[in-house]
Amino acid sequence: MDNHYRRPAPPSTSQGRISPPIQTTRQPGQAYSNRPGVPYDLSLFAPGRQPRQRDPSRTTVIRQARPAPPADPPAYTGSDILLDSLTSTFDLPSAPAEPAGYTPAYGPAGPPAPQVSAPGASTQQAAGPVPRARRKTQDRRALLEKRLSLILAGVLALCFLSAAVLLALLPRPTESAIEKRQLATFPAFSLQSYFSGEFTAGIATFYDDTVPNRDGFKHMGNNFKSIFGIAAANEDGFVEISGNIKKVNQQGSQTGPDTPAGPSAAQPTPPENGNAPQPTPDGAGAAGQVGAGVNVSLEGAAGRHMADPTPVPANMPPAEDVDSSNGITIIKQGGHYRGLELFAGGVGDTYAQGLNELHRQLGDSVQIYSMPAPLSSQFYIPDSQREYSADQSKCFDDTHALLDAGIHAINLCPILAQHAGEDIYSRTDHHWQPLGAYYAAQALASAAGVPFDDLSAYTPGTIENFVGTLYAFSQSSYLLNDPETFTYYIPSAPYSAVYYNGDFGFEWDDDDLFAQGVTGQAGDAYLYYLGGDQYVVRADTQVQNGRKLLVVKDSYGNATVPFYTNSFQQVIVLDARYFNRNLVSFIRDMGITDVVFTMSSFSVVGENAGYIGSMITQNAGETITDPYTGPTS
């Protein structure tokens with residue numbers, strides 16, 4: 001019996017595949033090796049025996065286990081492309097390179113057949129293939145996601161920190177140019193306001209209302225709205241009505257459940273200190289909220305108050321598009337957008353009562369003129385929208401019918417309608433353009449019988465890129481992105497202006513009727529006239545006719561003042577909302593010969609008309625002297 005140890009060849013488990021054992025024929029003295037291709041002799045393990053020399057001729061090489069082909073590599077997806085690009089960007093570790101000669105998969109013929117080396121052949125084991133390292137890819141992805149999360153968190157933290165620093169350090173606005181209002185102020189601390197919650201609520205309101213660059217952000221938001229386009233066309237042709245807008249009835253007042261009843265405006269009660277009540281804007285009336293006055297029957301009224309109906313403006317292009325935003329109607333006419341305030345109608349009974357009372361106290365020694373200014377909607381409202389806006393010419397006639405016989409009534413509607421094809425009204429502002437004020441001043445000069453210069457005698461000037469109050473009211477991006485040119489006219493006749501405050505206290509002299517540094521980009525081009533509404537201004541001209549004109553107005557009257565400098569010897573202008581002296585005493589003591597009331601349609605039928613009665617009753621019987629004694633050297 002062969003005394004050599006014999007064992008079967010163990011199965012190979014290389015790369016997960018098991019090869020069946022190979023049965024071989026051996027010669028006596030030959031043994032298997034535990035390393036493929038390397039024979040050894042069992043005598044090496046026999047105790048007390050010396051190793052024998054191996055006989056290469058008797059060596060049988062046991063074949064190697066067949067390596068299993070690697071799985072097909074996954075498809076190279078967009079995610080892998082992103083990982084590779086980010087790896088190069090963020091310098092992540094790369095996967096190990098494949099060894100030379102590596103074939104990722106066998107061909108269609110399958111794996112090669114097992115090979116047995118011939119005796120004497122090289123016993124060096126061939127290098128096995130190395131598959132794609134999936135774990136390395138997963139580690140790269142996890143590292144990338146971690147780094148991206150850290151970067152994103154850092155960017156967000158930096159943004160919040162920067163915003164907090166900017167909000168704390170940047171100056172906060174105190175007034176909104178596009179909204180025409182004072183912004184919230186920081187509340188004063190008191191124990192009562194603190195425990196009631198008013199103090200903390202006031203702080204929140206202050207920070208919400210005074211965000212730095214507030215108007216810039218509102219401009220940005222309104223521009224964003226424009227990407228949705230103008231309203232879709234309906235059967236009326238590009239018309240959309242929204243907001244608190246109602247149709248008007250035949251009497252000229254708007255109908256609807258929200259229409260207030262009673263007089264058009266209650267007369268404000270003058271305060272004990274003699275100061276006028278808080279004024280309201282003259283042209284910012286919301287449709288349906290002002291002008292719902294008591295309708296007075298005019299049968300048998302004096303015919304001198306009745307004017308012909310306002311003629312249809314000639315050569316006016318039709319409205320191409322119509323939209324409505326916050327109660328302001330936006331139309332596209334002649335290639336440009338125009339904002340229109342709809343007029344609710346009504347009768348100015350409080351306005352008429354004030355003028356009648358002033359006439360009764362002054363008598364016929366002072367000529368009183370009523371010359372209200374219509375809104376632009378009187379001339380530019382499309383036919384499809386006309387039922388939503390009352391006829392202002394009828395409103396003026398109805399109001400003038402309530403005046404005493406000694407008061408002169410001037411209806412500007414038929415006069416301005418003849419020039420509606422010209423730039424007599426601003427497209428983006430609720431005021432008229434100075435050209436419209438020129439035609440109004442011409443009408444007064446004709447009624448008063450005083451000379452009046454032709455427009456060619458004035459030097460024109462312009463303010464470009466003007467976007468006015470109608471954008472502030474509507475927030476319409478169509479008006480914001482379609483600015484206009486504001487054209488003013490400087491008198492050629494010499495004059496000098498003196499400025500006073502509302503108490504008729506002297507402020508400064510040697511000035512003109514125009515403010516400096518006014519630009520149209522902040523919506524303040526109309527402030528070029530008199531610098532605003534709060535001043536009492538006296539202009540001394542070179543005319544020697546003994547006529548002194550007092551202009552009692554809201555902001556509409558500002559633009560008319562320069563056109564009177566060649567018609568009256570002295571012109572004084574005051575705003576009914578800001579004047580704190582007695583009007584009757586002022587007219588008598590200053591030697592006024594003519595008084596004209598130039599107020600907008602909203603003021604005639606609205607609460608601003610009550611300031612006329614307040615000026616007549618406040619500080620009654622006082623004596624007024626001019627504090628200005630002449631130019632100082």
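The values are calculated or read from the model by the stated rules, or taken from the named source; none is laboratory data. Only a predicted model underlies this, so the values are computations on that prediction, with no experimental measurement involved. Glycine gets a Cβ as well: all are built from the backbone with ideal geometry, and neighbour counts include every protein chain shown. Just so you know, the surface numbers come from the protein's heavy atoms only, side chains and all, with ligands and any DNA or RNA stripped out. Shrake-Rupley method; radii C 1.70, N 1.55, O 1.52, S 1.80 Å.
Listed by position, the helices (runs of 4 or more DSSP H) inside segment 546-621 whose residues that are among the small types (Gly, Ala, Ser) and either closer than 26 Å to GLY345 by Cβ or touching a Gly at 6+ places or on another chain (Cβ under 6 Å) (or both) number at least 1 are 601-605, 610-617. Residues in segment 565-593 that are farther than 21 Å from ASN501 by Cβ and touching a helix residue (DSSP H, G or I) at 6+ places or on another chain (Cβ under 6 Å): SER567 alone. Taking the listed residues ASP540, ASP554, the one that is within 22 Å of LEU358 (Cα to Cα) and acidic (Asp, Glu) is ASP554, with no other qualifying. For ASP429, the stated conditions hold: it is open to solvent by less than 10 Å² (accessible area, probe 1.4 Å) and among the charged types (D, E, K, R). Pairs linking a residue in segment 352-367 that is free of Cβ contacts under 8 Å to residues at least 40 places away in the same chain and farther than 15 Å from VAL551 by Cα to a residue that is open to solvent by 70 Å² or more (accessible area, probe 1.4 Å) and not β-branched (Val, Ile, Thr), with Cβ atoms under 6 Å and 6 or more positions apart or on different chains, do not occur. Scanning segment 380-416 for residues that are over 17 Å from SER600 (Cβ atoms), touching a residue at least 24 places away in the same chain (Cβ under 8 Å) and not in a loop (DSSP other than H, G, I, E, B) yields a count of 7. Of everything in segment 584-612 that's among the small types (Gly, Ala, Ser) and open to solvent by 10 Å² or more (accessible area, probe 1.4 Å), which residue is farthest from ALA441 (Cα to Cα)? Filtering first and then ranking leaves SER585. Using the structure shown, decide if ALA409 is out of contact with any Gly (no Cβ under 9 Å at 6 or more places or on another chain), crowded, with 19+ Cβ neighbours inside 10 Å, over 16 Å from THR565 (Cα atoms) and at pLDDT below 95. Taking the combined requirement at face value, the residue does not satisfy it.
Checked against the criterion of being out of contact with any helix residue (DSSP H, G or I) (no Cβ under 9 Å at 6 or more places or on another chain) and under 30 Å from ARG547 (Cα atoms), the candidates ASP482, ASP509, ASP524 yield just one match: ASP509. There is no residue in segment 574-581 that is surrounded by fewer than 24 Cβ atoms within 10 Å (Cβ to Cβ), of a type outside the set (D, E, K, R) and in contact with a Leu (Cβ under 7 Å, 6 or more places away or on another chain).
Do the conditions hold for GLU422, that is, is it over 30 Å from GLY546 (Cβ atoms), among the acidic types (Asp, Glu) and without any contact (Cβ under 8 Å) to a residue 24 or more places away in the chain? Answer is yes for this residue.
To keep it simple, each residue is scored yes or no on (1) closer than 28 Å to SER474 by Cα; (2) of a type in the set (Val, Ile, Thr).
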position: ALA344; (1), (2): yes, no
position: VAL347; (1), (2): yes, yes
position: TYR351; (1), (2): no, no
position: GLN361; (1), (2): no, no
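If you check THR623, THR629 for being surrounded by fewer than 21 Cβ atoms within 10 Å (Cβ to Cβ), touching a Ser or Thr at 6+ places or on another chain (Cβ under 7 Å) and among the β-branched types (Val, Ile, Thr), only one passes: THR623.
Among the residues that make up segment 412-426, is at least one of them open to solvent by 10 Å² or more (accessible area, probe 1.4 Å) and aromatic (Phe, Trp, Tyr)? No, segment 412-426 contains no residue that is open to solvent by 10 Å² or more (accessible area, probe 1.4 Å) and aromatic (Phe, Trp, Tyr). If you filter segment 352-379 down to residues that are outside any helix (DSSP H, G or I) and touching a Gly at 6+ places or on another chain (Cβ under 8 Å), you find that the one that is farthest from LEU583 (Cα to Cα) is LEU375.
Condition check ((1) closer than 29 Å to ARG547 by Cβ; (2) surrounded by fewer than 20 Cβ atoms within 10 Å (Cβ to Cβ); (3) touching a helix residue (DSSP H, G or I) at 6+ places or on another chain (Cβ under 7 Å); (4) at pLDDT 90 or above) across all residues:
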| position | (1), (2), (3), (4) |
| --- | --- |
| ASP308 | no, yes, yes, no |
| PRO313 | no, yes, yes, no |
| TYR337 | no, no, yes, yes |
| PRO374 | yes, no, yes, yes |
| GLN378 | no, no, yes, yes |
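If you go through segment 187-218 and keep only what is surrounded by 13 or more Cβ atoms within 10 Å (Cβ to Cβ), part of a helix (DSSP H, G or I) and either of a type in the set (A, V, I, L, M, F, W, C) or at pLDDT below 60 (or both), you end up with PHE199, ILE203, PHE206. Listed by first and then second residue, the pairs linking a residue in segment 177-189 that is over 15 Å from ALA201 (Cα atoms) to a residue that is of a type in the set (A, V, I, L, M) and at pLDDT 75 or above, with Cβ atoms under 8 Å apart and 6 or more places separating them unless they lie on different chains, are ALA177/ALA472; ILE178/ALA472; GLU179/ALA472; LYS180/ALA472.
Within segment 432-449, does at least one residue satisfy the condition of being open to solvent by less than 20 Å² (accessible area, probe 1.4 Å), outside any helix (DSSP H, G or I) and farther than 15 Å from TYR337 by Cα? For segment 432-449, residues open to solvent by less than 20 Å² (accessible area, probe 1.4 Å), outside any helix (DSSP H, G or I) and farther than 15 Å from TYR337 by Cα: present.
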